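What follows is one structure encoded as structure tokens, with my remarks underneath.
Rule-based calculations on the coordinates, nothing more; no lab input. Only a predicted model underlies this, so the values are computations on that prediction, with no experimental measurement involved. Neighbour counts run over all protein chains shown; Cβ positions are idealised from the backbone, glycine included.
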């Protein structure tokens, strides 16, 4: 009986700590996004958001280097953020949602 109580208490502690840590990470993400400013260098942005990104696009347009970085939101798997850099400077960013509609091919 003592072992059962121990395991039940342990499970509650683990669940509590897990939920607390999850809240901290979500707040940290919001805090990171609030640090971003237009005109920041690519290096400054990746220092804030980390290096876990994908290069979604890279091209030259009117003698300007355009690069788009994509960061996936790990808490909401259906959304990701795109950051557009023009000549290594942050020009804009926005959030995209993955479509939920199924497409049938005939």
Computed lengthening from residue 29 to residue 82, 0.36 nm per intervening residue step minus Cα-Cα distance
17.6 nm
Taking neighbour Cβ counts within 10 Å as the exposure measure, how do 79, 104, 67 sort from fewest upward?
104, 79, 67
Segment residue 52-residue 65, length gained on full extension (0.36 nm per residue, minus Cα span)
2.5 nm
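With a ≥ b ≥ c the root eigenvalues of the C-alpha gyration tensor of the range 38-106, is it rounded (a/c under 1.5), prolate (a/b larger than b/c) or oblate?
On the way: a/c = 2.92, a/b = 1.54, b/c = 1.89.
It comes out oblate by the Cα gyration axes.
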